[in-house]
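Okay, so here's the structure we're looking at.
Quick note: the coordinates plus some simple rules give every number you see, no bench work behind them. Note that the structure is a prediction, hence the values are computed from the model and not measured. Every residue, glycine as well, gets a Cβ built from its backbone with ideal geometry; the counts of neighbours run over all protein chains shown.
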């Protein structure tokens, strides 16, 4: 089969589940996993599939080949073709940057994560990077700006001056610098990347699913409020939202099971209730 034909028939993203962790792999290695509509569609549906599967506790997002994601497919943009998911433009770039799911997302980043690649990493809850990874938002060097979450999320995850340096210069930074700035949780040798990211996701997935959902949502809701004394985007006091979540989680069957398992010196058996 000719290479072009093989590429067009291959899924733009792969979906696998193993031991409570869904792995979504961007699968356009010939294009450094640049985002087109097929990739956005496949990733978006993968996230929906993971969100609906009670056997999945966490999700790892990674890339095939020598790059995580080189950003938007500029060839598609030049032809004025959409690069968002078919039928779901609200999911945003890559089917992920505006696509909320309650389950934790771990990005496993290697090689280039430029432009939209960095924005996909920003959309994940934790980031594990290979030593070879490069992050950056070069959009201003193309007459654009990082509109898929870069200018919205970056200053919430790194200091403001660091965010402005990335956004206004368009330069890339290596994995060690990204970790120093707070953009990355862990940096590991490339050979250990998948093992580290999946291991981290499995540790997360071993926790109580009801508690994980509320804990993740409350962290983001409190962050959006600005401080623990400011209302969030809904006008609610973050403590009010916290107390509401606490009432649900602390009265759950899983909370009782966690205490029993600790007392009985055994692993908990979660029911998601």
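Across the alpha-carbon set of the range 130-273, the Rg to Rh ratio works out to 1.07, Rh being the Kirkwood radius. Summed over qualifying helices (DSSP H, 4 residues or more, each -39500 (n - 2.57)) and divided by its residue number, the chain shows a 222 nm mean residue ellipticity of -12500 deg cm²/dmol. When peptides 203-209, 257-263 are sorted by average Cβ neighbour count within 10 Å, with the highest value leading, the order is 203-209, 257-263. As a proxy for reagent exposure, 187, 106, 17 were ordered by neighbouring Cβ count within 10 angstrom, fewest first; the result is 17, 187, 106.
The slack between residue 30 and residue 14, meaning 0.36 nm per residue of separation minus the straight C-alpha distance, is 4.3 nm.
All Cα-Cα separations within the range 1-90 were binned at 10 Å from zero, giving a P(r) of 18, 45, 30, 7, 0, each value a whole percent of the pairs. Scaling against 2.2 N^0.38 Å puts the C-alpha radius of gyration of the chain at 1.04. For the chain, the longest principal axis of the Cα atoms and the long axis of helix 193-205 meet at an angle of about 30 degrees. Once the chain from residue 48 to residue 81 is taken as fully extended at 0.36 nm per residue, the excess over their C-alpha distance is 9.5 nm. The long axis of helix 37-52 is offset from the longest Cα principal axis of the chain by roughly 10 degrees. Shape verdict for the range 61-166, please, from the Cα gyration tensor: rounded (a/c under 1.5), prolate (a/b greater than b/c) or oblate. Rounded is the answer for the range 61-166, as its axis ratio a/c remains below 1.5.
Listing 24, 120, 173, 101 from fewest to most neighbouring C-beta atoms within 10 Å gives 101, 173, 24, 120. Using only alpha carbon pairs under 8 Å that are at least six residues apart, calculate the relative contact order of the chain and give it in whole percent. That works out to 14 percent.
Using only Cα atoms, tell me the angle between helix 160-169 and the longest principal axis of the chain; keep it within 0 to 90° and round to the nearest 10. The answer is roughly 20 degrees. Mean-square fluctuations from a GNM of the chain, with a 10 angstrom spring cutoff on Cα atoms, peak among 47, 144, 183 at 144.
Listed by Cβ neighbour count within 10 Å, with the fewest neighbours leading, 9, 132, 40 appear as 9, 132, 40.
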